[in-house]
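Q: One structure, pasted below without further comment.
Just so you know, all these numbers are worked out from the coordinates, no wet-lab data involved. Computed from a predicted structure; not experimentally measured.
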Amino acid sequence: MLKANTLPDEGVQFPSTPRGARLARRLAVRRMGEWGYPPASDTSCTVALLVAELASNAVRHGGVPGRDFRVRITVEVPTRTIRIEVSDAREDRLPVRPPTPSAEDETGRGLLLVELLATRWGVTPRHPVGKTVWAECAVEAP
């Protein structure tokens with residue numbers, strides 16, 4: 001059932017709010033189901049967690065008043081790679097490779113989760129404004 005498919009080529013736009021981040025995660029779970037990965041599968045859970053972390057970072061660190069963020073999920077069938085892209089309007093607040101948080105830290109684990117779950121991840125400039133944080137994960141056939 002895995003086939004080359006994406007959300008619309010330009011992705012789906014969400015409000016830069018916690019609710020928008022939750023909706024992005026739900027959309028990812030629904031898309032994974034369409035590709036043959038049930039919501040409780042490891043693949044669906046991994047993609048949902050990656051989308052949730054990147055979307056919440058877009059809201060928290062990349063939000064600009066009046067500007068939304070965009071999510072795009074694609075699959076490359078031959079390599080069985082799912083790519084998640086979350087774009088926001090802030091180009092000046094780039095994510096950095098996460099240090100290991102201490103037991104006392106209350107935040108700072110989101111990108112650590114991305115680092116652990118993704119095959120690879122990074123950030124690219126988005127023109128004319130903003131950035132896109134992306135993560136890829138290799139998946140098994142559904």
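Q: Taking a temperature of 4 °C and a viscosity of 1.567 mPa s, what whole-number D in µm²/s does Stokes-Einstein yield for the stretch 1-91 with Rh from Kirkwood over alpha carbon pairs? Intermediate values should be presented prior to the final figure.
A: Details: Rh = 13.1 Å.
Value of D from the Cα-based Kirkwood radius: 99 µm²/s.
Q: Cα atoms only: what Rg and Dmax, in Å, come out for the stretch 25-66?
A: So, for the stretch 25-66, Rg and Dmax equal 12.1, 37 Å respectively.
Q: Please compute the length gained on full extension between Thr124 and Glu34, using 0.36 nm multiplied by the number of residues separating them and subtracting their Cα-Cα distance.
A: Details: separation 90, 0.36 × 90 = 32.40 nm, distance 2.81 nm.
Full extension from Thr124 to Glu34 adds 29.6 nm.
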